[in-house]
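First the structure, in the form of structure tokens, and then the observations on it.
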Amino acid sequence: MKVAIIGGTGSQGLNLGKRLAIAGEDIIIGSRKEEKALTKVEETLELLKEYDDIKMVGMSNEDAAKAGDLLILTVPLAAQKATLQSIKEFVGEKILIDATVPLETAIGGSPARFVDLMEGSAAERTAKILSKTGAKVVAGFNNISNSHLDNIPEPIDCDCLIAGDDNEAKAQVKELVEKLPGVKCLDCGKLEKARMIEKITPLLIGLNIKYKSHYGGLRITGIDF
Ligand SMILES: NC(=O)c1ccc[n+]([C@@H]2O[C@H](COP(=O)([O-])OP(=O)(O)OC[C@H]3O[C@@H](n4cnc5c(N)ncnc54)[C@H](OP(=O)(O)O)[C@@H]3O)[C@@H](O)[C@H]2O)c1
């Protein structure tokens, strides 16, 4: 399966790409500029040269959306709509994991504060933008910090909460997510649950700032999942 990371040149997308590539996935890094994606991939392949069989290529976001079997969106909220509109015609009925968090930074505010969206959550906004495509939107990776992802080969001390309206899609996402070492994936229910999942992130960012860490994460206990 080819996993295409749209906006994959940034800290969240590229680090997710590294971890999933180490786990054996076939990764496509997407960018607005193909050249930027190619450069980031070249640097990453050099960085991961001790690992065998890393499969990672760079493309424009449009080509990545076309070539990928499963898509992951990792762009800031301010870029969410334009990015989705640029790939919309290539998404079809694919699964799209949305990592977008509506941080107040989108309007010049604090990364430790949430900004309310009319649609309820960034993932619901994505679903609305892609509503005519048949895409299966799943909120995920919102609470795992890029520092955790970048801390290779250490296990990632954080659970991944997901939400979405398609059970089959969520089962596939869980299988993918749990390829990340240390991560357990919990299906929280319908896509509207993204409203709560996304809100945890600015809380964690605030805790990181307060306690001078980069590794704030969360674990759900007392539930067998
Ligand atoms: N960083 C984290 O620890 C973390 C954790 C959980 C969730 N998230 C969420 O994941 C998403 C990505 O976070 P990030 O830290 O990786 O973001 P980022 O590094 O700021 O941006 C990611 C990529 O998005 C594209 N982009 C940036 N600004 C854009 C614009 N104005 N218009 C179009 N494309 C633009 C760029 O790709 P190109 O220039 O190559 O097109 C950039 O490399 C965010 O929604 C964030 O809230 C992040």
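Details
- Taking Lys and Arg as +1 and Asp and Glu as -1, the other residues whose beta-carbon sits under 11 Å from that of Gly134 total +1.
- Fraction of beta bridges assigned by DSSP in the range 2-210 that are antiparallel (%, nearest 5): 10
- Rg over Rh for the chain works out to 0.93, both radii taken from alpha-carbon positions and Rh defined as the Kirkwood radius.
- Those trypsin sites (Lys or Arg not before Pro) in the range 1-103 that DSSP places in a loop and that have at most 13 other beta carbons within 10 Å: Lys33, Lys49
- Reachable aspartates and glutamates, given that their alpha-carbon falls under 14 Å from the alpha-carbon of Lys18 and they are not under 8 places away in the same chain: Asp26, Glu42, Glu43, Glu46, Glu50, Asp52, Asp53, Asp150, Glu154
- Potential extension, Met196-Leu45 segment - 0.36 nm per residue separation minus Cα distance: 50.8 nm
- Lysine pair count for the range 161-209 (Cα-Cα distance under 19 Å; residues 8 or more apart in sequence or on different chains): 9.
- Computed lengthening from Lys184 to Glu104, 0.36 nm per intervening residue step minus Cα-Cα distance: 26.0 nm
- For the range 188-225, the set of trypsin sites (Lys or Arg not before Pro) satisfying both a DSSP loop assignment and a count of at most 16 other C-beta atoms within 10 Å is given as Lys190, Lys212, Arg219.
- Proximity of backbone amide H atoms, modeled 1.01 Å from N, is registered between Ile97 and Leu71, Ile72, Leu73, Val138 at under 5 Å, excluding neighbours fewer than 5 places apart on the same chain.
- Excluding exposed DSSP-loop GluC sites (Glu not before Pro) (at most 12 other C-beta within 10 Å), longest clean stretch of the chain: 94-225
- Overall, the chain carries a charge dipole of about 660 debye about its Cα centre when +1 sits on the Cβ of Lys and Arg and -1 on the Cβ of Asp and Glu, all other atoms neutral.
- For Met56, residues with placed amide H under 5 Å, excluding near neighbours: Ile27
- The phi torsions of the range 181-197, fed into the Karplus equation with coefficients 6.51, -1.76 and 1.60 and a -60° offset, translate into couplings of x, x, 8, 10, 10, 10, 6, 8, x, 4, 4, 4, 5, 4, 4, 7, 4 Hz, rounded to whole numbers, with Gly and Pro shown as x.
Rule-based calculations on the coordinates, nothing more; no lab input. Treat the numbers as computed from the prediction; the structure is a model and nothing was measured. In this analysis, Cβ positions are derived from the backbone assuming ideal geometry, glycine residues included, and neighbour counts consider all displayed protein chains.
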